[in-house]
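One structure is given here, and the rest of the page talks about it.
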Amino acid sequence: MEILSSSRIKTSAVYSMVVLSLLAIMAISLAACQPKADSAKQGGEGLTEVVISLDWVPNTNHTGLYVAQEKGYFKDQGLAVKIVQPSEDSASTLVANNRADFGVYFQSNMTSRLAKEVPITAVAAILQHNPAGLLSLKSLGAESPKDLNGKRYSTWEDPIDDATVAHIVGGDLVKIPGEATDATVALRMNQFDYILAYYGWDGIHAQLQNVETNFFFLKDYEPVFDYYAPVIITNNKLLETKPELVKKTLAAMKQGYIYAAKNPEESAEILVKHAPETNKELALASQKYISTQYLDEEGDWGKFDYDRWDRFYDWVYKKGLLEKPLPPQAGVTNDYL
């Protein structure tokens, strides 16, 4: 699971709240396990085949992709797109090994990959600001992250996540290892006191269950934690050999996300249509929130602030989580938008 850890939501993440049947996951995941014979080959109707790997199960991070599929934006660009879910391998592994052309991933997860020179680059930001934060029950009485110091923290045991939480909370963490399928239920069952989660799914889900919670956004307490989550990644070789294909794919994605930003209810219906196992009520409520997060102040989608990108990796290095600093603009570009 890739979003809240190196094996995580991470989705980010991404988005640990989706509950699917095992058979549904296996059926869709198998598609991502098949190696691609040739990246971006010609398909039916003269369309170029493109594979996009999600980071985890379909959720509102991905709505723009499904909108682009439903509205024919990919086809208009001459593309036959297949959207798959990863199984044991993460989206970054699939993209790096040419088993997917694009993937949904997270800047924080890219840290170790870039340090190992894995050939991936982030080419578009799905959200403009980081929706991650610390979720706890209101009854715990925490008025700020510092009040969580000494409380039990649900961890995926990812070094960067844990260092991030420790920086916000202060002091040593009281770690409860594990993975919560439903964070709100786990909190109510007293399995732990707080968890690193994503407001657009976990926070919204708690509201739908009428559970009073506190949600402390990381970026509100430390600006350097306004890192990019999630992002679209691709293989460096594809950037070099087929730049026009990358531009066409991103152009269609951009149309999809702009449409989703302006039409949240219809877009949520499209998501549920393509992923019927998704909780419809949660998808709609989440979409109403997250549609406001897709675009920047100019109404544009996908662009990165390079300074913000670099600041996060500089913090990671200074915390001793990297052996050597990453170069400026490591693993990121706006050049194909």
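Laboratory data are not the source of any read-out in this text; all were calculated from the coordinates shown. Fair warning: this is a prediction, and the values are worked out from it, not measured in the lab. All Cβ positions, glycine included, derive from the backbone under ideal geometry; neighbour counts span all protein chains shown.
Mind putting a number on the dipole of the stretch 132-225 about its Cα centre? Charges go on the C-beta only, +1 for Lys and Arg and -1 for Asp and Glu, and I need it in Debye to the nearest 20.
I would put it at about 240 debye.
If you take the charge dipole of the chain about its Cα centre, with +1 on Lys and Arg Cβ and -1 on Asp and Glu Cβ, which of Leu94, Pro328, Trp201 is farthest toward its positive end?
The one lying farthest along the dipole's positive direction is Leu94.
Could you sort 180-189, 117-126 so that the peptide with the highest average Cβ count within 10 Å comes first and the rest follow in order?
By packing density, highest mean first, the sequence is 117-126, 180-189.
Taking 0.36 nm per intervening residue step and subtracting the Cα-Cα distance, what contour gain separates Gln209 from Asp307 on full extension?
The span from Gln209 to Asp307 would gain 31.4 nm if fully extended.
Nothing charged except the Cβ atoms of Lys and Arg (+1) and of Asp and Glu (-1): what's the magnitude of the dipole of the stretch 178-320 about its Cα centre? Round to the nearest 20 debye.
Here the stretch 178-320 has a charge dipole of around 480 debye.
Apply 1/(1 + (r/R0)^6) to the Cβ-Cβ distance of Lys82 and Glu281, taking R0 = 35 Å, and write down the FRET efficiency to the nearest 0.05.
With R0 = 35 Å, the Cβ-Cβ based efficiency is 0.80.
Which value in deg cm²/dmol, rounded to the nearest 500, describes the helix-derived mean residue ellipticity at 222 nm for the chain, given -39,500 (n - 2.57) per DSSP H run of n ≥ 4 and division by the residue count?
Roughly -10500 deg cm²/dmol at 222 nm, from the helical runs in the chain.
How big is the charge dipole of the chain about its Cα centre, in debye rounded to the nearest 20, if each Lys and Arg gets +1 on its Cβ and each Asp and Glu gets -1 on its Cβ?
I would put it at about 380 debye.
How would you order 148-159, 293-304 from highest to lowest mean count of nearby Cβ atoms within 10 Å?
For the peptides 148-159, 293-304, the packing ranking is 148-159, 293-304.
Val81's amide H: which non-local residues (gap 5+, or another chain) put their own amide H closer than 5 Å, with H modeled 1.01 Å from N in plane and none for Pro or chain starts?
Here Val50 satisfy the definition.
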